[in-house]
Number of protein chains: 2
Amino acid sequence: MTIDWIAADWGTTNLRLWAMSGRTPSEARALDRGMGGLRPDQFAAVLAEETDGWPAVPVIASGMVGARQGWIEAPYVPAPCPAVPQLVPVPGDPGGRPVRIVCGVSQTSPADVMRGEETQVAGLLSLSPEFDGIVCLPGTHTKWVRVSADEICNFKSLMTGELFGLIAGQSMLRHTVAAEGHDPDLFRAAVSDAMARPERGFGGLFQLRAEALLADLDPVAARARLSGTLIGWELAAAKPWWLGCEVTIIGAPALSALYAEALTAQGVPAAQMSVEDATLAGLAAAHRQFVAES
Amino acid sequence: MTIDWIAADWGTTNLRLWAMSGRTPSEARALDRGMGGLRPDQFAAVLAEETDGWPAVPVIASGMVGARQGWIEAPYVPAPCPAVPQLVPVPGDPGGRPVRIVCGVSQTSPADVMRGEETQVAGLLSLSPEFDGIVCLPGTHTKWVRVSADEICNFKSLMTGELFGLIAGQSMLRHTVAAEGHDPDLFRAAVSDAMARPERGFGGLFQLRAEALLADLDPVAARARLSGTLIGWELAAAKPWWLGCEVTIIGAPALSALYAEALTAQGVPAAQMSVEDATLAGLAAAHRQFVAES
(Lines give C-alpha, C1' and ligand atoms only; values in the text may rest on other atoms or scores of the structure.)
Protein backbone atom coordinates (compact mmCIF):
# COMPACT_ATOMS: atom_id res chain seq x y z
CA MET A 1 0.00 0.00 0.00
CA THR A 2 1.19 3.49 -0.80
CA ILE A 3 1.29 5.80 2.19
CA ASP A 4 -0.26 9.02 0.94
CA TRP A 5 -0.89 10.88 4.21
CA ILE A 6 -0.38 10.66 7.97
CA ALA A 7 -3.17 10.88 10.54
CA ALA A 8 -2.38 12.28 14.01
CA ASP A 9 -4.61 12.24 17.10
CA TRP A 10 -2.56 14.55 19.34
CA GLY A 11 -4.15 15.00 22.74
CA THR A 12 -3.01 16.36 26.08
CA THR A 13 -1.44 13.09 27.19
CA ASN A 14 -0.98 10.89 24.14
CA LEU A 15 0.00 11.04 20.50
CA ARG A 16 -1.35 8.43 18.10
CA LEU A 17 -0.08 8.25 14.54
CA TRP A 18 -1.23 6.27 11.53
CA ALA A 19 0.45 5.91 8.13
CA MET A 20 -2.59 6.09 5.85
CA SER A 21 -3.39 4.79 2.40
CA GLY A 22 -6.62 6.61 1.53
CA ARG A 23 -9.02 5.62 4.31
CA THR A 24 -6.98 2.61 5.39
CA PRO A 25 -4.27 2.64 8.05
CA SER A 26 -1.19 0.62 7.12
CA GLU A 27 0.76 1.20 10.33
CA ALA A 28 -0.11 2.68 13.75
CA ARG A 29 2.07 4.11 16.52
CA ALA A 30 0.98 5.13 20.04
CA LEU A 31 3.21 7.36 22.17
CA ASP A 32 2.97 9.22 25.47
CA ARG A 33 4.14 12.47 23.92
CA GLY A 34 1.02 14.55 24.40
CA MET A 35 0.73 18.30 24.04
CA GLY A 36 0.69 18.73 27.83
CA GLY A 37 4.40 17.88 28.07
CA LEU A 38 5.64 19.89 25.08
CA ARG A 39 6.64 23.48 24.40
CA PRO A 40 5.46 24.95 21.06
CA ASP A 41 8.98 24.67 19.61
CA GLN A 42 9.17 20.92 20.32
CA PHE A 43 6.24 19.64 18.25
CA ALA A 44 8.07 19.63 14.90
CA ALA A 45 10.95 17.53 16.26
CA VAL A 46 8.60 15.09 18.02
CA LEU A 47 6.59 14.61 14.83
CA ALA A 48 9.74 14.06 12.75
CA GLU A 49 11.12 11.57 15.26
CA GLU A 50 7.93 9.56 15.72
CA THR A 51 7.15 9.36 11.97
CA ASP A 52 10.67 8.20 11.17
CA GLY A 53 10.66 5.93 8.11
CA TRP A 54 7.36 7.27 6.79
CA PRO A 55 7.33 9.29 3.54
CA ALA A 56 7.12 13.08 3.18
CA VAL A 57 3.32 13.16 2.84
CA PRO A 58 0.76 15.58 4.33
CA VAL A 59 -0.06 15.31 8.03
CA ILE A 60 -3.58 15.94 9.38
CA ALA A 61 -3.67 16.38 13.16
CA SER A 62 -6.52 17.00 15.58
CA GLY A 63 -6.87 17.48 19.32
CA MET A 64 -5.13 19.66 21.87
CA VAL A 65 -2.18 20.13 19.50
CA GLY A 66 -4.28 23.06 18.22
CA ALA A 67 -4.87 24.65 21.62
CA ARG A 68 -3.44 28.02 22.62
CA GLN A 69 -0.70 26.19 24.54
CA GLY A 70 -0.16 23.71 21.67
CA TRP A 71 1.85 23.81 18.47
CA ILE A 72 -0.08 26.59 16.81
CA GLU A 73 -3.51 27.82 17.81
CA ALA A 74 -6.21 26.47 15.51
CA PRO A 75 -9.08 28.85 16.28
CA TYR A 76 -12.51 27.66 17.34
CA VAL A 77 -15.18 27.63 14.61
CA PRO A 78 -18.42 28.94 16.11
CA ALA A 79 -21.36 26.50 16.08
CA PRO A 80 -23.61 25.99 14.22
CA CYS A 81 -21.01 24.98 11.65
CA PRO A 82 -20.43 22.31 8.98
CA ALA A 83 -19.41 18.98 10.48
CA VAL A 84 -16.53 18.68 8.00
CA PRO A 85 -13.40 19.83 9.88
CA GLN A 86 -11.77 23.16 9.11
CA LEU A 87 -7.99 23.15 8.89
CA VAL A 88 -5.20 25.62 9.60
CA PRO A 89 -1.67 25.13 8.26
CA VAL A 90 1.44 24.94 10.40
CA PRO A 91 3.72 27.50 8.70
CA GLY A 92 6.79 26.29 6.80
CA ASP A 93 5.95 22.63 6.11
CA PRO A 94 7.96 21.25 9.07
CA GLY A 95 10.08 18.23 8.16
CA GLY A 96 9.22 18.80 4.51
CA ARG A 97 5.59 17.83 5.09
CA PRO A 98 2.49 20.00 4.83
CA VAL A 99 0.93 19.87 8.32
CA ARG A 100 -2.69 20.83 8.91
CA ILE A 101 -4.42 21.10 12.29
CA VAL A 102 -8.16 20.68 12.75
CA CYS A 103 -9.97 23.65 14.28
CA GLY A 104 -12.02 23.18 17.47
CA VAL A 105 -15.65 24.26 17.73
CA SER A 106 -17.04 26.83 20.14
CA GLN A 107 -20.46 27.94 21.28
CA THR A 108 -21.25 31.39 22.64
CA SER A 109 -24.31 30.89 24.82
CA PRO A 110 -24.01 28.90 26.92
CA ALA A 111 -20.24 29.12 26.48
CA ASP A 112 -18.69 25.81 25.48
CA VAL A 113 -15.72 24.46 23.53
CA MET A 114 -14.54 21.22 21.98
CA ARG A 115 -11.23 20.22 20.45
CA GLY A 116 -10.84 16.74 19.02
CA GLU A 117 -14.46 15.64 19.37
CA GLU A 118 -15.42 17.61 16.21
CA THR A 119 -13.16 15.20 14.28
CA GLN A 120 -14.98 12.20 15.71
CA VAL A 121 -18.34 13.73 14.81
CA ALA A 122 -17.06 14.27 11.26
CA GLY A 123 -15.98 10.63 11.23
CA LEU A 124 -19.41 9.44 12.32
CA LEU A 125 -20.98 11.45 9.49
CA SER A 126 -18.44 10.08 7.05
CA LEU A 127 -19.28 6.50 8.06
CA SER A 128 -23.05 7.15 8.43
CA PRO A 129 -23.81 10.00 6.04
CA GLU A 130 -27.53 10.01 6.89
CA PHE A 131 -26.91 10.44 10.62
CA ASP A 132 -29.19 13.00 12.27
CA GLY A 133 -29.38 13.02 16.04
CA ILE A 134 -27.28 13.19 19.18
CA VAL A 135 -23.66 12.11 19.57
CA CYS A 136 -22.51 11.41 23.13
CA LEU A 137 -18.73 11.35 23.57
CA PRO A 138 -18.05 10.20 27.14
CA GLY A 139 -14.63 10.85 28.64
CA THR A 140 -12.81 13.26 30.94
CA HIS A 141 -15.12 15.98 29.67
CA THR A 142 -18.14 14.31 28.14
CA LYS A 143 -19.73 16.07 25.17
CA TRP A 144 -23.31 15.88 23.93
CA VAL A 145 -23.49 17.10 20.33
CA ARG A 146 -26.62 17.75 18.29
CA VAL A 147 -25.98 16.96 14.61
CA SER A 148 -28.47 17.74 11.86
CA ALA A 149 -28.18 18.38 8.12
CA ASP A 150 -24.42 17.71 8.24
CA GLU A 151 -23.91 20.44 10.81
CA ILE A 152 -22.88 20.60 14.45
CA CYS A 153 -25.90 22.55 15.71
CA ASN A 154 -24.97 22.96 19.37
CA PHE A 155 -23.37 20.99 22.19
CA LYS A 156 -22.86 20.63 25.92
CA SER A 157 -19.78 19.54 27.93
CA LEU A 158 -19.79 18.02 31.41
CA MET A 159 -16.90 17.32 33.77
CA THR A 160 -18.25 13.88 34.70
CA GLY A 161 -15.16 11.81 33.94
CA GLU A 162 -12.76 14.23 35.57
CA LEU A 163 -14.92 14.45 38.70
CA PHE A 164 -15.13 10.66 38.91
CA GLY A 165 -11.34 10.44 38.68
CA LEU A 166 -10.82 13.08 41.36
CA ILE A 167 -13.35 11.59 43.78
CA ALA A 168 -12.40 7.94 43.24
CA GLY A 169 -8.67 8.59 43.06
CA GLN A 170 -7.89 11.54 45.30
CA SER A 171 -10.69 12.22 47.79
CA MET A 172 -11.22 10.42 51.09
CA LEU A 173 -13.31 7.94 49.03
CA ARG A 174 -10.13 6.62 47.40
CA HIS A 175 -9.92 3.87 50.04
CA THR A 176 -13.62 3.05 49.60
CA VAL A 177 -14.02 2.82 45.81
CA ALA A 178 -12.56 -0.12 43.85
CA ALA A 179 -10.30 0.64 40.89
CA GLU A 180 -12.43 -1.60 38.69
CA GLY A 181 -15.45 -3.87 38.72
CA HIS A 182 -19.15 -3.22 38.16
CA ASP A 183 -22.51 -3.96 39.72
CA PRO A 184 -25.25 -3.30 37.14
CA ASP A 185 -28.17 -3.27 39.59
CA LEU A 186 -26.55 -0.81 42.00
CA PHE A 187 -25.33 1.29 39.07
CA ARG A 188 -28.80 1.57 37.53
CA ALA A 189 -30.38 2.34 40.90
CA ALA A 190 -27.83 5.11 41.52
CA VAL A 191 -28.42 6.57 38.03
CA SER A 192 -32.14 6.59 38.65
CA ASP A 193 -31.84 8.15 42.14
CA ALA A 194 -29.40 10.82 40.97
CA MET A 195 -31.66 11.73 38.04
CA ALA A 196 -34.76 11.95 40.20
CA ARG A 197 -33.13 13.76 43.14
CA PRO A 198 -29.67 15.02 42.19
CA GLU A 199 -29.15 16.68 45.56
CA ARG A 200 -29.73 13.37 47.33
CA GLY A 201 -26.93 11.85 45.28
CA PHE A 202 -24.66 14.64 46.46
CA GLY A 203 -25.66 13.91 50.04
CA GLY A 204 -24.92 10.22 49.46
CA LEU A 205 -21.21 10.58 48.65
CA PHE A 206 -19.97 10.78 52.25
CA GLN A 207 -22.32 7.92 53.07
CA LEU A 208 -20.19 5.58 50.94
CA ARG A 209 -17.23 6.18 53.27
CA ALA A 210 -19.38 5.79 56.37
CA GLU A 211 -20.82 2.50 55.07
CA ALA A 212 -17.30 1.27 54.41
CA LEU A 213 -16.28 2.14 57.98
CA LEU A 214 -19.40 0.86 59.72
CA ALA A 215 -20.73 -1.90 57.47
CA ASP A 216 -17.80 -3.10 55.31
CA LEU A 217 -19.31 -1.76 52.09
CA ASP A 218 -17.97 -3.73 49.11
CA PRO A 219 -15.60 -1.44 47.13
CA VAL A 220 -17.09 -2.63 43.83
CA ALA A 221 -20.54 -1.68 45.09
CA ALA A 222 -19.15 1.73 46.09
CA ARG A 223 -17.69 2.16 42.60
CA ALA A 224 -20.99 1.29 40.93
CA ARG A 225 -22.89 3.72 43.17
CA LEU A 226 -20.41 6.57 42.65
CA SER A 227 -20.32 6.01 38.91
CA GLY A 228 -24.12 5.79 38.75
CA THR A 229 -24.51 8.98 40.79
CA LEU A 230 -22.24 10.99 38.50
CA ILE A 231 -23.68 9.59 35.26
CA GLY A 232 -27.17 10.13 36.70
CA TRP A 233 -26.34 13.81 37.32
CA GLU A 234 -25.05 14.03 33.79
CA LEU A 235 -28.17 12.45 32.27
CA ALA A 236 -30.32 14.83 34.34
CA ALA A 237 -28.28 17.83 33.16
CA ALA A 238 -28.26 16.61 29.55
CA LYS A 239 -31.89 15.49 29.42
CA PRO A 240 -32.87 17.90 26.64
CA TRP A 241 -30.13 16.26 24.57
CA TRP A 242 -31.23 12.65 24.70
CA LEU A 243 -34.94 12.64 25.51
CA GLY A 244 -36.75 11.21 22.49
CA CYS A 245 -33.57 11.30 20.38
CA GLU A 246 -31.39 8.83 18.55
CA VAL A 247 -28.05 8.66 20.40
CA THR A 248 -24.72 7.33 19.16
CA ILE A 249 -22.00 6.94 21.77
CA ILE A 250 -18.37 7.35 20.73
CA GLY A 251 -15.99 6.45 23.56
CA ALA A 252 -13.78 3.86 25.19
CA PRO A 253 -15.63 0.51 25.25
CA ALA A 254 -16.11 0.11 29.02
CA LEU A 255 -17.22 3.71 29.53
CA SER A 256 -19.48 3.65 26.46
CA ALA A 257 -21.12 0.50 27.83
CA LEU A 258 -21.95 2.33 31.09
CA TYR A 259 -23.55 5.21 29.22
CA ALA A 260 -25.47 2.79 26.98
CA GLU A 261 -26.68 0.94 30.09
CA ALA A 262 -27.81 4.20 31.72
CA LEU A 263 -29.55 5.46 28.56
CA THR A 264 -31.22 2.11 27.88
CA ALA A 265 -32.64 2.20 31.40
CA GLN A 266 -34.31 5.52 30.41
CA GLY A 267 -35.79 3.87 27.32
CA VAL A 268 -33.26 5.45 24.96
CA PRO A 269 -31.55 2.97 22.61
CA ALA A 270 -27.93 3.92 22.03
CA ALA A 271 -25.65 2.79 19.22
CA GLN A 272 -21.90 2.63 19.85
CA MET A 273 -18.91 3.46 17.65
CA SER A 274 -15.24 3.06 18.47
CA VAL A 275 -13.19 6.19 19.10
CA GLU A 276 -10.46 5.02 16.75
CA ASP A 277 -12.87 4.34 13.88
CA ALA A 278 -14.51 7.73 14.33
CA THR A 279 -11.21 9.61 14.69
CA LEU A 280 -9.62 8.00 11.65
CA ALA A 281 -12.72 8.51 9.51
CA GLY A 282 -12.86 12.16 10.61
CA LEU A 283 -9.18 12.77 9.87
CA ALA A 284 -9.66 11.04 6.49
CA ALA A 285 -12.58 13.36 5.72
CA ALA A 286 -10.36 16.31 6.65
CA HIS A 287 -7.61 14.92 4.40
CA ARG A 288 -9.99 14.66 1.43
CA GLN A 289 -11.03 18.24 2.11
CA PHE A 290 -7.35 19.26 2.13
CA VAL A 291 -6.71 17.44 -1.17
CA ALA A 292 -9.78 19.01 -2.78
CA GLU A 293 -8.61 22.49 -1.75
CA SER A 294 -4.97 21.98 -2.81
CA MET B 1 -2.83 30.59 86.86
CA THR B 2 -2.44 26.94 87.82
CA ILE B 3 -2.39 24.61 84.84
CA ASP B 4 -4.69 21.77 85.86
CA TRP B 5 -5.23 20.01 82.51
CA ILE B 6 -4.18 20.05 78.85
CA ALA B 7 -6.61 20.34 75.93
CA ALA B 8 -5.64 18.75 72.59
CA ASP B 9 -7.40 19.15 69.24
CA TRP B 10 -5.57 16.46 67.28
CA GLY B 11 -6.75 16.24 63.69
CA THR B 12 -5.47 14.63 60.51
CA THR B 13 -3.16 17.51 59.65
CA ASN B 14 -2.69 19.65 62.75
CA LEU B 15 -2.25 19.38 66.48
CA ARG B 16 -3.37 22.25 68.70
CA LEU B 17 -2.58 22.23 72.40
CA TRP B 18 -3.70 24.45 75.24
CA ALA B 19 -2.45 24.54 78.83
CA MET B 20 -5.73 25.01 80.69
CA SER B 21 -6.71 26.48 84.01
CA GLY B 22 -10.30 25.35 84.44
CA ARG B 23 -12.10 26.73 81.38
CA THR B 24 -9.39 29.28 80.60
CA PRO B 25 -6.42 28.67 78.31
CA SER B 26 -3.16 30.08 79.65
CA GLU B 27 -0.95 29.07 76.72
CA ALA B 28 -1.62 27.73 73.21
CA ARG B 29 0.59 25.86 70.75
CA ALA B 30 -0.21 24.99 67.11
CA LEU B 31 1.81 22.34 65.28
CA ASP B 32 1.64 20.50 61.97
CA ARG B 33 1.96 17.12 63.65
CA GLY B 34 -1.43 15.66 62.74
CA MET B 35 -2.48 12.04 63.04
CA GLY B 36 -2.08 11.56 59.27
CA GLY B 37 1.71 11.68 59.54
CA LEU B 38 2.13 9.53 62.67
CA ARG B 39 2.34 5.82 63.44
CA PRO B 40 0.46 4.67 66.57
CA ASP B 41 3.73 4.29 68.50
CA GLN B 42 4.74 7.92 67.83
CA PHE B 43 1.85 9.78 69.50
CA ALA B 44 3.20 9.50 73.07
CA ALA B 45 6.57 10.99 72.12
CA VAL B 46 5.00 13.81 70.09
CA LEU B 47 2.71 14.73 72.97
CA ALA B 48 5.61 14.68 75.46
CA GLU B 49 7.76 16.81 73.16
CA GLU B 50 5.11 19.39 72.31
CA THR B 51 3.90 19.82 75.91
CA ASP B 52 7.44 20.28 77.18
CA GLY B 53 7.45 22.58 80.22
CA TRP B 54 3.81 21.92 81.08
CA PRO B 55 2.98 20.00 84.28
CA ALA B 56 1.99 16.34 84.57
CA VAL B 57 -1.76 17.00 84.41
CA PRO B 58 -4.51 15.08 82.59
CA VAL B 59 -4.76 15.44 78.79
CA ILE B 60 -8.13 15.47 77.00
CA ALA B 61 -7.82 14.98 73.23
CA SER B 62 -10.38 14.87 70.46
CA GLY B 63 -10.32 14.41 66.68
CA MET B 64 -8.70 11.88 64.38
CA VAL B 65 -6.25 10.91 67.13
CA GLY B 66 -9.02 8.47 68.09
CA ALA B 67 -9.46 6.95 64.62
CA ARG B 68 -8.59 3.34 63.80
CA GLN B 69 -5.31 4.58 62.29
CA GLY B 70 -4.69 6.97 65.22
CA TRP B 71 -3.16 6.55 68.67
CA ILE B 72 -5.79 4.21 70.02
CA GLU B 73 -9.24 3.64 68.55
CA ALA B 74 -11.91 5.52 70.49
CA PRO B 75 -15.05 3.74 69.31
CA TYR B 76 -18.02 5.54 67.82
CA VAL B 77 -20.97 6.13 70.16
CA PRO B 78 -24.18 5.43 68.24
CA ALA B 79 -26.56 8.39 67.90
CA PRO B 80 -28.88 9.34 69.44
CA CYS B 81 -26.51 9.89 72.35
CA PRO B 82 -25.78 12.44 75.08
CA ALA B 83 -23.95 15.48 73.78
CA VAL B 84 -21.41 15.27 76.63
CA PRO B 85 -18.35 13.51 75.16
CA GLN B 86 -17.52 9.95 76.11
CA LEU B 87 -13.87 9.25 76.84
CA VAL B 88 -11.54 6.28 76.48
CA PRO B 89 -8.19 6.10 78.30
CA VAL B 90 -4.84 5.65 76.59
CA PRO B 91 -3.34 2.74 78.58
CA GLY B 92 -0.37 3.38 80.86
CA ASP B 93 -0.59 7.15 81.46
CA PRO B 94 2.04 8.03 78.80
CA GLY B 95 4.55 10.63 80.02
CA GLY B 96 3.11 10.29 83.53
CA ARG B 97 -0.14 11.94 82.46
CA PRO B 98 -3.62 10.40 82.29
CA VAL B 99 -4.65 10.78 78.62
CA ARG B 100 -8.28 10.51 77.54
CA ILE B 101 -9.55 10.51 73.96
CA VAL B 102 -13.06 11.63 73.00
CA CYS B 103 -15.18 9.03 71.20
CA GLY B 104 -16.66 9.82 67.77
CA VAL B 105 -20.36 9.47 67.04
CA SER B 106 -21.90 7.16 64.44
CA GLN B 107 -25.29 6.71 62.85
CA THR B 108 -26.52 3.46 61.35
CA SER B 109 -29.11 4.50 58.79
CA PRO B 110 -28.17 6.36 56.76
CA ALA B 111 -24.61 5.44 57.69
CA ASP B 112 -22.61 8.41 58.94
CA VAL B 113 -19.72 9.19 61.27
CA MET B 114 -18.13 12.18 63.00
CA ARG B 115 -14.93 12.53 64.97
CA GLY B 116 -14.07 15.91 66.46
CA GLU B 117 -17.34 17.67 65.67
CA GLU B 118 -19.06 15.98 68.64
CA THR B 119 -16.65 17.94 70.86
CA GLN B 120 -17.66 21.22 69.24
CA VAL B 121 -21.33 20.36 69.67
CA ALA B 122 -20.65 19.65 73.36
CA GLY B 123 -18.90 23.02 73.55
CA LEU B 124 -21.88 24.82 72.04
CA LEU B 125 -24.16 23.19 74.63
CA SER B 126 -21.74 24.09 77.40
CA LEU B 127 -21.74 27.75 76.30
CA SER B 128 -25.48 27.83 75.43
CA PRO B 129 -27.09 25.23 77.70
CA GLU B 130 -30.59 25.93 76.35
CA PHE B 131 -29.58 25.31 72.72
CA ASP B 132 -32.08 23.21 70.78
CA GLY B 133 -31.78 23.17 67.01
CA ILE B 134 -29.36 22.54 64.17
CA VAL B 135 -25.58 22.88 64.27
CA CYS B 136 -23.87 23.31 60.90
CA LEU B 137 -20.11 22.63 60.97
CA PRO B 138 -18.76 23.57 57.53
CA GLY B 139 -15.36 22.26 56.49
CA THR B 140 -13.76 19.52 54.43
CA HIS B 141 -16.70 17.31 55.34
CA THR B 142 -19.52 19.54 56.49
CA LYS B 143 -21.79 18.17 59.22
CA TRP B 144 -25.40 19.07 59.97
CA VAL B 145 -26.28 17.96 63.49
CA ARG B 146 -29.72 17.96 65.10
CA VAL B 147 -29.42 18.67 68.84
CA SER B 148 -32.34 18.42 71.23
CA ALA B 149 -32.69 17.80 74.97
CA ASP B 150 -28.87 17.74 75.37
CA GLU B 151 -28.57 14.90 72.84
CA ILE B 152 -27.11 14.50 69.37
CA CYS B 153 -30.27 13.14 67.70
CA ASN B 154 -28.96 12.51 64.19
CA PHE B 155 -26.66 14.09 61.63
CA LYS B 156 -25.60 14.29 58.01
CA SER B 157 -22.14 14.73 56.44
CA LEU B 158 -21.41 16.17 52.99
CA MET B 159 -18.15 16.27 51.04
CA THR B 160 -18.69 19.89 49.97
CA GLY B 161 -15.38 21.35 51.17
CA GLU B 162 -13.30 18.49 49.84
CA LEU B 163 -15.03 18.64 46.44
CA PHE B 164 -14.47 22.41 46.25
CA GLY B 165 -10.79 21.89 46.99
CA LEU B 166 -10.43 19.17 44.37
CA ILE B 167 -12.29 21.08 41.66
CA ALA B 168 -10.73 24.50 42.37
CA GLY B 169 -7.25 23.15 43.02
CA GLN B 170 -6.77 20.08 40.87
CA SER B 171 -9.30 19.93 38.03
CA MET B 172 -9.04 21.76 34.71
CA LEU B 173 -10.86 24.59 36.51
CA ARG B 174 -7.74 25.30 38.57
CA HIS B 175 -6.66 27.92 36.03
CA THR B 176 -10.16 29.44 35.97
CA VAL B 177 -10.99 29.80 39.68
CA ALA B 178 -9.27 32.44 41.84
CA ALA B 179 -7.60 31.30 45.07
CA GLU B 180 -9.53 33.94 46.99
CA GLY B 181 -12.03 36.73 46.58
CA HIS B 182 -15.83 36.81 46.65
CA ASP B 183 -18.75 38.16 44.66
CA PRO B 184 -21.88 38.07 46.84
CA ASP B 185 -24.41 38.56 44.02
CA LEU B 186 -22.98 35.80 41.83
CA PHE B 187 -22.59 33.55 44.86
CA ARG B 188 -26.21 33.95 45.92
CA ALA B 189 -27.46 33.45 42.36
CA ALA B 190 -25.43 30.24 42.06
CA VAL B 191 -26.73 28.97 45.41
CA SER B 192 -30.27 29.65 44.32
CA ASP B 193 -29.81 28.01 40.88
CA ALA B 194 -28.11 24.94 42.33
CA MET B 195 -30.86 24.53 44.93
CA ALA B 196 -33.64 24.88 42.38
CA ARG B 197 -32.03 22.74 39.66
CA PRO B 198 -29.01 20.85 41.04
CA GLU B 199 -28.37 19.08 37.74
CA ARG B 200 -28.09 22.41 35.97
CA GLY B 201 -25.34 23.39 38.39
CA PHE B 202 -23.50 20.22 37.47
CA GLY B 203 -23.89 21.09 33.82
CA GLY B 204 -22.53 24.57 34.53
CA LEU B 205 -19.09 23.52 35.82
CA PHE B 206 -17.46 23.05 32.41
CA GLN B 207 -19.08 26.30 31.32
CA LEU B 208 -16.84 28.21 33.76
CA ARG B 209 -13.79 27.03 31.83
CA ALA B 210 -15.40 27.78 28.48
CA GLU B 211 -16.34 31.31 29.61
CA ALA B 212 -12.75 31.84 30.76
CA LEU B 213 -11.47 30.75 27.33
CA LEU B 214 -14.04 32.59 25.22
CA ALA B 215 -15.09 35.56 27.32
CA ASP B 216 -12.30 36.21 29.84
CA LEU B 217 -14.44 35.23 32.82
CA ASP B 218 -13.15 36.95 35.97
CA PRO B 219 -11.54 34.27 38.21
CA VAL B 220 -13.18 35.77 41.30
CA ALA B 221 -16.57 35.46 39.58
CA ALA B 222 -15.74 31.84 38.73
CA ARG B 223 -14.86 31.18 42.37
CA ALA B 224 -18.12 32.69 43.60
CA ARG B 225 -20.14 30.65 41.10
CA LEU B 226 -18.33 27.38 41.90
CA SER B 227 -18.63 27.96 45.62
CA GLY B 228 -22.30 28.90 45.29
CA THR B 229 -23.03 25.82 43.19
CA LEU B 230 -21.51 23.44 45.72
CA ILE B 231 -23.07 25.14 48.76
CA GLY B 232 -26.38 25.25 46.87
CA TRP B 233 -26.20 21.48 46.31
CA GLU B 234 -25.45 21.06 49.98
CA LEU B 235 -28.37 23.22 51.08
CA ALA B 236 -30.66 21.27 48.74
CA ALA B 237 -29.40 17.95 50.13
CA ALA B 238 -29.61 19.20 53.74
CA LYS B 239 -32.94 21.01 53.40
CA PRO B 240 -34.72 18.85 56.00
CA TRP B 241 -32.02 19.97 58.44
CA TRP B 242 -32.40 23.73 58.20
CA LEU B 243 -35.89 24.43 56.90
CA GLY B 244 -37.76 26.22 59.67
CA CYS B 245 -34.97 25.58 62.18
CA GLU B 246 -32.60 27.62 64.29
CA VAL B 247 -29.09 27.12 62.91
CA THR B 248 -25.77 27.81 64.59
CA ILE B 249 -22.69 27.62 62.36
CA ILE B 250 -19.37 26.54 63.87
CA GLY B 251 -16.53 26.93 61.39
CA ALA B 252 -13.66 29.02 60.08
CA PRO B 253 -14.82 32.65 59.82
CA ALA B 254 -14.72 33.09 56.01
CA LEU B 255 -16.43 29.75 55.33
CA SER B 256 -19.00 30.30 58.08
CA ALA B 257 -19.82 33.68 56.55
CA LEU B 258 -20.55 31.99 53.18
CA TYR B 259 -22.90 29.49 54.80
CA ALA B 260 -24.59 32.27 56.79
CA GLU B 261 -25.01 34.27 53.57
CA ALA B 262 -26.52 31.28 51.78
CA LEU B 263 -28.86 30.42 54.65
CA THR B 264 -29.94 34.02 55.14
CA ALA B 265 -30.88 34.15 51.46
CA GLN B 266 -33.26 31.24 52.20
CA GLY B 267 -34.80 33.18 55.07
CA VAL B 268 -32.95 31.18 57.73
CA PRO B 269 -31.11 33.32 60.30
CA ALA B 270 -27.85 31.72 61.35
CA ALA B 271 -25.77 32.43 64.45
CA GLN B 272 -22.01 31.86 64.31
CA MET B 273 -19.56 30.51 66.89
CA SER B 274 -15.80 30.19 66.55
CA VAL B 275 -14.32 26.70 66.18
CA GLU B 276 -11.75 27.38 68.88
CA ASP B 277 -14.34 28.55 71.41
CA ALA B 278 -16.53 25.53 70.72
CA THR B 279 -13.63 23.04 70.76
CA LEU B 280 -12.18 24.37 74.01
CA ALA B 281 -15.56 24.50 75.73
CA GLY B 282 -16.26 20.93 74.58
CA LEU B 283 -12.90 19.64 75.80
CA ALA B 284 -13.47 21.50 79.10
CA ALA B 285 -16.86 19.78 79.45
CA ALA B 286 -15.14 16.46 78.81
CA HIS B 287 -12.50 17.32 81.40
CA ARG B 288 -15.15 18.09 84.04
CA GLN B 289 -16.75 14.74 83.20
CA PHE B 290 -13.37 13.07 83.67
CA VAL B 291 -12.83 14.78 87.04
CA ALA B 292 -16.33 13.85 88.21
CA GLU B 293 -15.71 10.21 87.34
CA SER B 294 -12.21 10.03 88.86
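The values are calculated or read from the model by the stated rules, or taken from the named source; none is laboratory data. Keep in mind that what you see is a predicted model, and the values were worked out from it rather than measured. Every residue, glycine as well, gets a Cβ built from its backbone with ideal geometry; the counts of neighbours run over all protein chains shown. Areas reflect the complete protein model, heavy atoms only, side chains present, ligands, DNA and RNA absent. Shrake-Rupley method; radii C 1.70, N 1.55, O 1.52, S 1.80 Å.
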Computed about the Cα centre, the charge dipole of the protein assembly as shown from +1 Lys/Arg and -1 Asp/Glu charges at the Cβ has a magnitude in debye, to the nearest 20, of 120
Solvent-accessible heavy-atom area per residue, rounded to whole Å², over segment A:120-161 at 1.4 Å: 31
From the residues B:G92, B:S109, B:A67, which one has its Cα farthest along the dipole of segment B:48-113 in the positive direction, the dipole being from +1 and -1 charges on Cβ of Lys/Arg and Asp/Glu about the Cα centre? B:S109
Sorted from largest to smallest, which semi-axis lengths in Å does the alpha carbon gyration tensor of the protein assembly as shown give for its equivalent ellipsoid, taking the root of 5 times each eigenvalue? 54, 25, 21
In nm, to one decimal, how far is the modelled label at A:E130 from the one at B:I72, with both set 7 Å along Cα→Cβ? 7.6
Probe radius 1.4 Å, ligands and nucleic acids left out: can you give me the accessible area buried at the B-A interface, summed over both chains, in Å² to the nearest hundred? 3400
Within segment B:256-285, which residues have the backbone N less than 11 Å from the label spot 7 Å out from B:N14 along Cα→beta-carbon, could you tell me? B:275-276
Count, lysine Cα pairs under 17 Å in the protein assembly as shown, 8 or more residues apart or across chains: 6
Distance between Cα centroids, segment A:251-268 to segment B:130-181: provide it in whole Å. 33
I'd like the accessible area for B:K239, computed on protein heavy atoms only with a 1.4 Å probe and all protein chains in place. Round to 10 Å², please. 90
Measure off, as a whole percent, the carbon and sulfur share of the 1.4 Å-probe accessible area of segment A:158-273, all protein chains present. 53
Report the charge-dipole magnitude of chain A in Debye, nearest 20, computed about the Cα centre from +1 at each Lys and Arg Cβ and -1 at each Asp and Glu Cβ. 480
Roughly how many nanometres apart are two label points built 7 Å out from the Cα toward the Cβ at B:A196 and A:H182? 3.8
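Magnitude of the Cβ-charge dipole of segment B:158-273, K/R +1 and D/E -1, about the Cα centre, nearest 20 debye?
With Lys and Arg at +1 and Asp and Glu at -1, about 220 debye.
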Using r as the Cβ-Cβ distance of B:A28 and B:R288, and R0 as 30 Å, what FRET efficiency do you calculate, to the nearest 0.05? 0.90
Whole-angstrom gap from segment B:210-234 to segment B:22-83, using each part's C-alpha centre: 39
Under the helix-only model (-39500 (n - 2.57) for each DSSP H run of 4 or more, divided by the residues of chain B), the mean residue ellipticity at 222 nm, to 500 deg cm²/dmol, is -12000 deg cm²/dmol
